[in-house]
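Down below is the structure, laid out as structure tokens.
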Amino acid sequence: MALSYEKKNGIAYLTLNRPEAHNAVDPETVLELIDAWEDYRDDAGMRCAIVTGQGDQTFCSGADLGKLIPLFTGAKTPETDADKQIQQNPLLAQKAFLRDFELYKPVIAAVNGHAIAGGLELLYATDIRIAAENAKFGLQEVKWAIFPMGGSSVKLPRQLPYARAMEILLTGELMDAKEALQYGFVNRVLPQDKVMEEAERVANIIVKNGPMAVTAIKKAVLENIGLTLKDGLAKEMEIAIPVFLSKDAQEGPRAFKEKREPEYKGK
């Protein structure tokens, strides 16, 4: 399998599994990613996801330049069923990289190595990012006369200072993990062998929180970006009220008063 997908203790694990190709995303991986994201979204028992890459060098090097990109440009004739699906609907790749996929459950990135091109664009949709010391980040599409159309022209300048974002976009040069931390693009930088451990630690904290509150908070943040202060506060109220009226919102304070762990049902 090009993608390993496992579920354990409320956490969904998505591991890109093409280390021989620097975990590049080919047509088969696109379809497997979509299936995994949809399953995570729809499974009420899954409350947090961790996405990572196999090996200790590369998180994801983006779209496979030999197998996926040529389908978009018309330079390759479809050979497999996955090839045919991708060429018939190129937007499937955008969904796999979470560019056009509505997901309000939290996603943690365990960045075990380089996040390049689509690998960097996948990070835009993650909420917490734990990076290995050896990780580097960048968009090299411009070097190959390709547009980084996974949302980079929109999202990168919102997640990094404008001038730094433009330098990454226009030069194709890489940013190291230390600088990514300095700019707040990642939450923590750790030795490579500690990255997954820290990602799981954070995921286990989130899993214990009220699931309705968690998803509503993420939804509010995403939907409020770009709104005026007035409209944003109105949207926040609209999203927050159902949470306050939920059974979980009764259970939380009750558990606190009774000095026990809350038992949230997501209702």
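Worth a mention:
Quick grid of which residues meet (1) among the small types (Gly, Ala, Ser); (2) surrounded by fewer than 24 Cβ atoms within 10 Å (Cβ to Cβ):
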{"position": "GLN94", "(1), (2)": "no, yes"}
{"position": "PHE97", "(1), (2)": "no, no"}
{"position": "PHE101", "(1), (2)": "no, yes"}
{"position": "VAL111", "(1), (2)": "no, no"}
{"position": "GLY119", "(1), (2)": "yes, no"}
{"position": "THR126", "(1), (2)": "no, yes"}
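- Filter result (in contact (Cβ under 8 Å) with a residue 12 or more places away in the chain and exposed (fewer than 11 other Cβ atoms within 10 Å of the Cβ)) within segment 234-266: GLU261, GLU263
- Applying a threshold of 9 Å to beta carbon distances and a minimum spacing of six or more residues, or different chains, the list of pairs starting in segment 35-48 at a residue that is aromatic (Phe, Trp, Tyr) and ending at one that is surrounded by fewer than 16 Cβ atoms within 10 Å (Cβ to Cβ) reads TRP37/PHE101; TYR40/LYS7.
- Filtered by the rule that a residue be in a helix (DSSP H, G or I) and in contact with a strand residue (DSSP E or B) (Cβ under 6 Å, 6 or more places away or on another chain), segment 182-201 gives GLN192, VAL195, MET196, GLU198, ALA199.
- Residue check for VAL142: among the aliphatic types (A, V, I, L, M), farther than 17 Å from ASN17 by Cα and in contact with an Asp or Glu (Cβ under 9 Å, 6 or more places away or on another chain): no
Per-residue answers, yes or no, for (1) among the hydroxyl-bearing types (Ser, Thr, Tyr); (2) surrounded by 24 or more Cβ atoms within 10 Å (Cβ to Cβ); (3) modelled with pLDDT under 95:
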residue	(1), (2), (3)
LEU16	no, yes, no
ASP39	no, no, no
THR58	yes, yes, no
ASP64	no, no, yes
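- Leading residue by the ranking (surrounded by the most Cβ atoms within 10 Å (Cβ to Cβ)) among those in segment 217-233 that are free of Cβ contacts under 8 Å to residues at least 12 places away in the same chain and assigned to a helix (DSSP H, G or I): ILE217
- Residues that are modelled with pLDDT of 95 or more and either at negative phi or assigned by TED's automatic domain parsing to the domain that holds LEU190 (or both) number at least 3 in the following helices (runs of 4 or more DSSP H) confined to segment 72-165: 118-124, 152-159.
- Hey, MET212 in contact (Cβ under 8 Å) with a residue 40 or more places away in the chain and in contact with a helix residue (DSSP H, G or I) (Cβ under 8 Å, 6 or more places away or on another chain) or not: yes
- Whenever a residue of segment 133-160 is touching a residue at least 12 places away in the same chain (Cβ under 8 Å) and over 30 Å from LYS194 (Cα atoms), its partners that are loosely packed, with under 14 Cβ neighbours inside 10 Å and of a type in the set (Phe, Trp, Tyr), lying with C-beta atoms within less than 7 angstrom and at least six residues away or across chains, give the pairs GLU141/PHE147.
- Sole exception among (1) assigned to a helix (DSSP H, G or I); (2) crowded, with 16+ Cβ neighbours inside 10 Å; (3) in contact with a strand residue (DSSP E or B) (Cβ under 8 Å, 6 or more places away or on another chain) for LYS178, by number: (2)
- Criterion violated by GLU20 - all others in (1) at pLDDT 95 or above; (2) surrounded by fewer than 17 Cβ atoms within 10 Å (Cβ to Cβ) satisfied: (1)
The values are calculated or read from the model by the stated rules, or taken from the named source; none is laboratory data. Not measured: the values here are computed from a predicted model. Don't worry about glycine lacking a Cβ; one is built from the backbone with ideal geometry, like all the others, and counts go over all protein chains shown.
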